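First the structure, in the form of structure tokens, and then the observations on it.
The values are calculated or read from the model by the stated rules, or taken from the named source; none is laboratory data. Note that the structure is predicted; figures quoted are calculated from it, not measured. Here Cβ is always computed from backbone atoms with ideal geometry, including for glycine, and neighbour counts include all displayed protein chains.
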């Protein structure tokens, strides 16, 4: 209903209007929280129930595993290399991991296909028979062993190996991976694609996770298709893109801000150009730090979807939950935040504004605050938002609308919203609740 001008001019009208808006907003907020709380409780109960009962049969496990093998490198064209191809130094860090080594090197020469490589294993004081296994392995493949008396850091161990590596390229490879056919050929094809390629990462897949406490529903699903960034409580946190998705292969390489060193290939010269892995980090964040240094130098870090490896990381990470490990993780996180957080805040925003999809696979998302939405809407602010939104879509941005007359609480803003534009003076941006601490708020009364 349109209010006559003479009523709007009455003393106290604005105060009454604001009071009405606050009461309505409080009611909608209470209703939204009540409904959302009940829904979340139901979802958590269902999730707990399904987690308890989720279990794959042996036949299902075998079928899923074989499906991945069939879809991976055997069914893709393998790039051909000859004996004159660049030498690749494969660097593996090991500490009491003979079980992992046996799995890694089973059918190694058949799966690798690449004709010119050497293996360097840095053994950090193993007592489990790893060295005996490696000595025997050295009679079958070109292998060097660096024997450290204690468990040196991941960064220091890899830097040690790069010093003695003869290869034009170095490949950092975890001992807890299981490669598939032709994996190194695929990575080398990506690395040799152009001069500005930095690090090349692989397509990592979860194996059977039925024994995992946290990941058992991720058996034979994707673990890593590169590393992206998102904000959590002020920290621009790295995370694995695609984690938990159903396995699939996209043929084309994708530019990423970073890739994991579980399987990371790079020119030895470029490795040394950025100073190698920073030894201040102790088993955590050193690979992300390394890739960001490459990015700042102007190199493109790539994710190679055709190089498929199973990664048994959950076995290693879940077996050690000591206070020392937790403290080490927190220290690494603080080091990373101090070095990169402010820079990443800016880069993440620019990446979304320009729709580059390098630091985040998600586009910029803009939410408009309007009176109402829908086909029967007559509110002028909604049509203003539609017009502006049409221009935004040309940049590849996503749109959302928060309606005053909608069923949801318009102050509860989804965490994936990057920019909020209010077209109403009745909307109090101070009352916004959003998990995204980087949310940009624009108050833009139309009149």
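Could you list all residues from the range 52-71 that are modelled with pLDDT of 85 or more and in a loop (DSSP other than H, G, I, E, B)?
Listed by number, the residues that qualify are 56, 57.
Restricting the search to the range 420-430, which residues are closer than 25 Å to residue 233 by Cβ and either exposed (fewer than 13 other Cβ atoms within 10 Å of the Cβ) or at pLDDT below 90 (or both)?
Matches in the range 420-430: 430 only.
Restricted to the range 383-397, and to residues that are without any contact (Cβ under 8 Å) to a residue 40 or more places away in the chain and surrounded by 17 or more Cβ atoms within 10 Å (Cβ to Cβ), which residue is farthest from residue 364 (Cα to Cα)? Quick ask: steps written out before the conclusion?
Going through the range 383-397, the residues without any contact (Cβ under 8 Å) to a residue 40 or more places away in the chain turn out to be 383, 385-394.
If we keep only those that are surrounded by 17 or more Cβ atoms within 10 Å (Cβ to Cβ) as well, we get 385, 389, 392.
Numbers: 385: 16, 389: 12, 392: 10 Å.
Filtering the range 383-397 for residues that are without any contact (Cβ under 8 Å) to a residue 40 or more places away in the chain and surrounded by 17 or more Cβ atoms within 10 Å (Cβ to Cβ), the one farthest from residue 364 (Cα to Cα) comes out as 385.
Which residues, taken from the range 344-370, are outside any loop (DSSP other than H, G, I, E, B), more than 20 Å from residue 420 (Cβ to Cβ) and touching a strand residue (DSSP E or B) at 6+ places or on another chain (Cβ under 6 Å)? Walk me through it before giving the result.
If we filter the range 344-370 for residues that are outside any loop (DSSP other than H, G, I, E, B), which is where we start, we get 344-353, 365-370.
Add one more test, that the residue is more than 20 Å from residue 420 (Cβ to Cβ), and what stays is 344, 347.
Scanning the range 344-370 gives a single hit, 344.
Condition check: surrounded by fewer than 21 Cβ atoms within 10 Å (Cβ to Cβ), free of Cβ contacts under 8 Å to residues at least 40 places away in the same chain and in contact with a strand residue (DSSP E or B) (Cβ under 8 Å, 6 or more places away or on another chain). Does residue 76 satisfy that? Full working, then the answer.
On the way: surrounded by fewer than 21 Cβ atoms within 10 Å (Cβ to Cβ): yes; free of Cβ contacts under 8 Å to residues at least 40 places away in the same chain: no; in contact with a strand residue (DSSP E or B) (Cβ under 8 Å, 6 or more places away or on another chain): yes.
When the stated conditions are applied, residue 76 does not pass them.
Being surrounded by 18 or more Cβ atoms within 10 Å (Cβ to Cβ), in contact with a strand residue (DSSP E or B) (Cβ under 6 Å, 6 or more places away or on another chain), touching a residue at least 40 places away in the same chain (Cβ under 8 Å) and over 30 Å from residue 58 (Cα atoms): is that true of residue 190 here? Steps first, please.
Details: surrounded by 18 or more Cβ atoms within 10 Å (Cβ to Cβ): yes; in contact with a strand residue (DSSP E or B) (Cβ under 6 Å, 6 or more places away or on another chain): yes; touching a residue at least 40 places away in the same chain (Cβ under 8 Å): yes; over 30 Å from residue 58 (Cα atoms): yes.
Yes; evaluated as a whole, the condition is true for this residue.
Do you know which residues across the range 411-447 are closer than 23 Å to residue 231 by Cβ, outside any strand (DSSP E or B) and touching a helix residue (DSSP H, G or I) at 6+ places or on another chain (Cβ under 7 Å)?
Passing the criteria: 411, 418, 438.
On the given criteria, is residue 379 under 22 Å from residue 423 (Cα atoms) and surrounded by 15 or more Cβ atoms within 10 Å (Cβ to Cβ)?
The answer is yes for residue 379.
For every residue, the table says whether it meets (1) touching a strand residue (DSSP E or B) at 6+ places or on another chain (Cβ under 8 Å); (2) modelled with pLDDT of 95 or more.
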residue: 115; (1), (2): no, yes
residue: 123; (1), (2): yes, yes
residue: 136; (1), (2): no, yes
residue: 150; (1), (2): yes, no
residue: 160; (1), (2): yes, yes
residue: 169; (1), (2): yes, yes
residue: 217; (1), (2): no, no
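If you check residue 373 against the conditions, is it in a loop (DSSP other than H, G, I, E, B), surrounded by fewer than 12 Cβ atoms within 10 Å (Cβ to Cβ) and outside the structural domain of residue 209 (by TED's automatic domain parsing)?
Working: in a loop (DSSP other than H, G, I, E, B): yes; surrounded by fewer than 12 Cβ atoms within 10 Å (Cβ to Cβ): no; outside the structural domain of residue 209 (by TED's automatic domain parsing): yes.
Judged against the criteria, residue 373 is not a match.
Is one or more of the residues making up the range 316-330 at pLDDT 95 or above, within 29 Å of residue 185 (Cβ to Cβ) and either in the same structural domain as residue 182 (by TED's automatic domain parsing) or not in a strand (DSSP E or B) (or both)?
No, the range 316-330 contains no residue that is at pLDDT 95 or above, within 29 Å of residue 185 (Cβ to Cβ) and either in the same structural domain as residue 182 (by TED's automatic domain parsing) or not in a strand (DSSP E or B) (or both).
So, in the range 77-108, how many residues would count as being assigned to a loop (DSSP other than H, G, I, E, B) and closer than 15 Å to residue 179 by Cα? Outline the logic, then answer.
Within the range 77-108, the first condition is being assigned to a loop (DSSP other than H, G, I, E, B), and the residues that meet it are 77-87, 95-97, 105-107.
Keeping just the survivors that are closer than 15 Å to residue 179 by Cα gives 78, 105-107.
So the answer is 4.
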